[in-house]
Amino acid sequence: MTNDIEPFAHLLERRDLSFLWLMRIVVRLCDSRHVWTTTGRDSHVTELLGLQDAFENTRWGERMPYMQRLSCTLEAMEQQVHVYRLAPVLEENMGFLAQRLALSPLETRALALAVLLRSDDALHAAADNARQTVNFPRQLSQVLDVPEDEVSRVANRKSLLHRTGLVEFKSGGDLAANLSVKHGSLRRLATVPLSSADELFAGFVRQAPTSELQADDFAHVHDTATALYHLLGEALDSQRSGVNILLYGPPGTGKTQLVRWLAGRVSATLYDVSPDAVDEHNEGEGERPHDRLAKAATCLHLLRGRRAVLAMDECDAIFQDASSAGVHSAASLAKAWVNDLLETSAVPMVWIANRIREMDDAFVRRFDMVVRLDTPPLKQRLKLLERTCGQQVAPVQLRRLAHADKATPAVLSRAASVAERVRAHGDEQDTGRLIETILDGTLRAQGHPTIRMANRHAPADDYDPRLCNASVDLGDLCEGLRRAGQGRILLYGPPGTGKTAFGHWLAGILGRPLSLKRMSGIQSPWLGEMEKNLARAFEQALRNDAVLQIDEVDGFLRDRRQAERSWELAQVNEFLTQLESFEGIFIASTNLVDGLDPAAIRRFDHKVHVGYLKPEQAWALFQRKLASWGVAMADAEACRHRLDAMTSLTPGDFAVIARRHVLTPYEDALAVVDALAGEHAFKMPAERRIGFT
């Protein structure tokens, strides 16, 4: 200490460690010209030092003596460094975290400094002026007063502080930029005493509520749910680390609800690191995927030894890799850290995504189980509707609602809840119609068919396979499929002959759901995506014990000898591969059989032609329609004569005139015959249709 320079006595009275760190920053690291301002953020420093009035009207050259006295003051403080302590609350919180995370004394001090740099305005302002020419380890060494090599071991991306997601280390800037806590809520450590990890979690993670769904709602994935239950139970009972599960599939299919249900089954507390578990200290900033990873890392380390499960919902953005556009995912940018997170997680972790197309295979292989959840089959959707609104909606209408295979459990539950609230407010309209209106709005917004469109291919109540002109007895075929439990059927013939309706009827007779797919729903502009969609269709049908029917199959099975593009070959090959290994009931239908691949045709057990109605079939169907509509037939012979002349009638034609009857009812049987004649005429060559009436 220089004899002729006196320290500031009022500063020597301070005993808090944060003030000692500030003095070290000011004296050792800062350009003093930047810390002597008396306005703006830097004024916090001059106020804390009690020198604001002295610098209010002094020029730069007149301030040097003050800097010398500050240096002298720091020398005096260093001689009694052992008396400086953190503030009681911060000291207690650091002790709690040090014990929970097994932090060393130096790691604990570095964490405390990071917290104060975020919560103490004066310390942050001083650190913001630290000279950038001094590297970060040396900056931290000067502030904590420890050898630089020790600091280097603590302040790097492999350190415990970084792996726990508490502290972020950078290099090349000022001290405030190079050392920071990863969660804004951690600033509370300076002011709020914590007695448990849950109090720390409150700022950036939440305890998940119990599942809104029941065991029956997951019956379609019973085997998968059972495996997940045993995996989680074993991991918790044995305190096994590094157990990770990846659930993915379309939004609303029950992924989050399944995790909540499983956590309840294994008697574990479920914590949710979701985007909507907002960090109240982020000051309105959007949360980066990297920040969510840091929160997950912190939770995993603090939950060690507890019977808990951690869920990372909506993790698509974390693993989304758009490298082709020059942008990499948060996980890819911190690959070593994420791999370490997956391999050493202290409690089981469930990652939930809507799609994983861009996820790096190196991440996928580190999950113990990867499970896709799709929209539940008709039977499950119907059960959910019966439970939520079965008292207010008729069974026929419930089944109509359930036929919307894109209506996920989340969408169905919300629609039923909204309808109940609307009715409770005094709306007396039909509950079923109200739910359909609500569902239609959501389905349209998602680009899916409405309820009416979802039911457009459902068979009529009076569907009778005997009134289909098939090359085999459809009743006998149904019995054969029932006995065998599997089969591959190709239905071909003109439009409207009842090919799609047969699939609905068959599924109903067998007591199985029908999984009806079309070319438009499986094709994709993305390379390789069509093959994945096709494989998924077969997989879902097998898992749900459903009858799988693919209409417009000619779009998949064009003759490979005429293929012009590689993807055309690929889709036929994929189709044949899936068909060969499928052990369920599969129905393919097409209007165009001539261009199908010969190898594909050979793989079908039955090739069934469904043609135009025979005269006696057309007459029987005609009589049924008249009876159901209550339309009189004055001249049966004339009607029969005219019908017999229509050689290209189909059940689809009768369906068209049935819809027309709803709009403009027919007065008599001859009007019905006229309507059928009009539909029949449209199938004739153009020159023969001129002038028809």
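The values are calculated or read from the model by the stated rules, or taken from the named source; none is laboratory data. Predicted model only: the values in this text are computed from it and were never measured. With ideal geometry, Cβ positions are generated from the backbone for all residues, glycine too; neighbour counts draw on all protein chains shown. Surface accessibility is based on the protein's heavy atoms, side chains included, excluding ligands, DNA and RNA. Shrake-Rupley method; radii C 1.70, N 1.55, O 1.52, S 1.80 Å.
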- Leading residue by the ranking (modelled with the lowest pLDDT) among those in the range 42-66 that are open to solvent by 30 Å² or more (accessible area, probe 1.4 Å), touching a helix residue (DSSP H, G or I) at 6+ places or on another chain (Cβ under 7 Å) and of a type in the set (A, V, I, L, M, F, W, C): 60
- Query: Could you give every pair whose Cβ atoms fall below 7 Å, whose first residue belongs to the range 154-178 and is in contact (Cβ under 8 Å) with a residue 60 or more places away in the chain, and whose second residue is among the hydroxyl-bearing types (Ser, Thr, Tyr) and surrounded by fewer than 21 Cβ atoms within 10 Å (Cβ to Cβ), counting only separations of at least 6 or pairs across chains?
  - Reply: 168/180
- Task: Working only within the range 490-509, note down all residues that are among the hydrophobic types (A, V, I, L, M, F, W, C), in contact with a strand residue (DSSP E or B) (Cβ under 7 Å, 6 or more places away or on another chain) and surrounded by fewer than 23 Cβ atoms within 10 Å (Cβ to Cβ).
- Result: 507
- Message: With the structure loaded, tell me whether residue 616 is open to solvent by 40 Å² or more (accessible area, probe 1.4 Å), farther than 11 Å from residue 488 by Cα, more than 37 Å from the chain's Cα centre (by Cα) and charged (D, E, K, R) or whether it fails that test.
- Response: yes
- Task: Considering (1) buried (at least 21 other Cβ atoms within 10 Å of the Cβ); (2) under 19 Å from the mean Cα position of the chain (by Cα), say which one residue 212 fails and leave the rest.
- Result: (1)
- Message: Pull out all pairs, ordered by first then second residue, where Cβ-Cβ is under 6 Å, the residues are six or more apart or on different chains, the first lies in the range 123-134 and is farther than 9 Å from residue 26 by Cα, and the second is β-branched (Val, Ile, Thr).
- Response: 125/45
- So which helices (runs of 4 or more DSSP H) are wholly in the range 441-511 and hold at least 1 residues that are in contact with a Ser or Thr (Cβ under 7 Å, 6 or more places away or on another chain)? 499-510
- Message: Given the criteria modelled with pLDDT under 90 and either within 52 Å of the chain's Cα centre (by Cα) or within 25 Å of residue 507 (Cα to Cα) (or both), does residue 624 qualify?
- Response: no
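Checking the condition loosely packed, with under 15 Cβ neighbours inside 10 Å, among the β-branched types (Val, Ile, Thr) and closer than 20 Å to residue 495 by Cβ, which residue from 664, 647, 590 passes?
647
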- Task: Inspect the range 209-218 for any residue being modelled with pLDDT of 85 or more and more than 19 Å from residue 410 (Cβ to Cβ) and give the result as yes or no.
- Result: no
- Message: It is to be established whether one or more residues within the range 98-113 are open to solvent by 10 Å² or more (accessible area, probe 1.4 Å), in contact with a Ser or Thr (Cβ under 9 Å, 6 or more places away or on another chain), under 13 Å from residue 189 (Cβ atoms) and basic (Lys, Arg).
- Response: no
- Just checking, which of 415, 394, 410 is out of contact with any Pro (no Cβ under 6 Å at 6 or more places or on another chain) and buried (at least 23 other Cβ atoms within 10 Å of the Cβ)? 415
- Item | residue 543 being closer than 22 Å to residue 447 by Cβ and out of contact with any His (no Cβ under 6 Å at 6 or more places or on another chain) | no
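For (1) outside any loop (DSSP other than H, G, I, E, B); (2) in contact with a Ser or Thr (Cβ under 6 Å, 6 or more places away or on another chain); (3) more than 23 Å from residue 343 (Cβ to Cβ); (4) open to solvent by 10 Å² or more (accessible area, probe 1.4 Å), each residue gets a yes or a no:
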| residue | (1), (2), (3), (4) |
| --- | --- |
| 231 | yes, no, no, yes |
| 236 | yes, no, no, yes |
| 246 | yes, no, no, no |
| 250 | no, no, yes, yes |
| 258 | yes, no, yes, no |
| 267 | no, no, yes, yes |
| 271 | yes, no, no, no |
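Table: residues versus (1) assigned to a helix (DSSP H, G or I); (2) surrounded by fewer than 23 Cβ atoms within 10 Å (Cβ to Cβ); (3) modelled with pLDDT under 60.
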{"residue": "264", "(1), (2), (3)": "yes, yes, no"}
{"residue": "276", "(1), (2), (3)": "no, yes, yes"}
{"residue": "279", "(1), (2), (3)": "no, yes, yes"}
{"residue": "306", "(1), (2), (3)": "no, yes, no"}
{"residue": "310", "(1), (2), (3)": "no, no, no"}
{"residue": "324", "(1), (2), (3)": "yes, yes, yes"}
{"residue": "338", "(1), (2), (3)": "yes, no, no"}
- Across the range 140-174, what is the number of residues that are buried (at least 22 other Cβ atoms within 10 Å of the Cβ) and out of contact with any Asp or Glu (no Cβ under 8 Å at 6 or more places or on another chain)? 7
- residue 520 fails exactly one of the following numbered conditions: (1) of a type in the set (S, T, N, Q); (2) in contact with a Leu (Cβ under 9 Å, 6 or more places away or on another chain); (3) open to solvent by 60 Å² or more (accessible area, probe 1.4 Å). What is the number of that condition? (2)
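Within the range 114-135, can you find the residues that are open to solvent by 20 Å² or more (accessible area, probe 1.4 Å) and more than 24 Å from residue 301 (Cα to Cα)?
Here is the first cut: in the range 114-135, the ones open to solvent by 20 Å² or more (accessible area, probe 1.4 Å) are 118-121, 124, 128-129, 131-135.
The answer is 120, 121, 124, 128, 129, 131, 132, 133, 134, 135.
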- Query: Does the range 421-428 contain any residue that is surrounded by 14 or more Cβ atoms within 10 Å (Cβ to Cβ) and either touching a Ser or Thr at 6+ places or on another chain (Cβ under 6 Å) or not in a helix (DSSP H, G or I) (or both)?
  - Reply: no
- Message: Just to verify a result, which residue in the range 344-357, among those that are more than 16 Å from the chain's Cα centre (by Cα) and at pLDDT 90 or above, is farthest from residue 248 (Cα to Cα)?
- Response: 346
- Of the conditions (1) open to solvent by 40 Å² or more (accessible area, probe 1.4 Å); (2) more than 25 Å from residue 506 (Cβ to Cβ); (3) among the aliphatic types (A, V, I, L, M), residue 669 fails just one. Which one is it? (1)
- Which members of the range 15-41 meet the condition of being modelled with pLDDT under 80, surrounded by fewer than 19 Cβ atoms within 10 Å (Cβ to Cβ) and not β-branched (Val, Ile, Thr)? 31, 32, 33, 34, 40, 41
- Message: Can you tell me which residue is surrounded by the fewest Cβ atoms within 10 Å (Cβ to Cβ) among those in the range 619-643 that are charged (D, E, K, R) and more than 17 Å from residue 678 (Cβ to Cβ)?
- Response: 637
- Query: Name the pairs: first residue in the range 288-315 and more than 10 Å from residue 271 (Cβ to Cβ), second residue open to solvent by less than 10 Å² (accessible area, probe 1.4 Å) and among the polar types (S, T, N, Q), Cβ to Cβ under 6 Å, at least 6 apart or on different chains?
  - Reply: 297/164; 298/164; 301/164; 313/274
- Hey, does the range 563-571 have a residue that's open to solvent by 30 Å² or more (accessible area, probe 1.4 Å), within 24 Å of the chain's Cα centre (by Cα), modelled with pLDDT under 80 and among the hydroxyl-bearing types (Ser, Thr, Tyr)? no
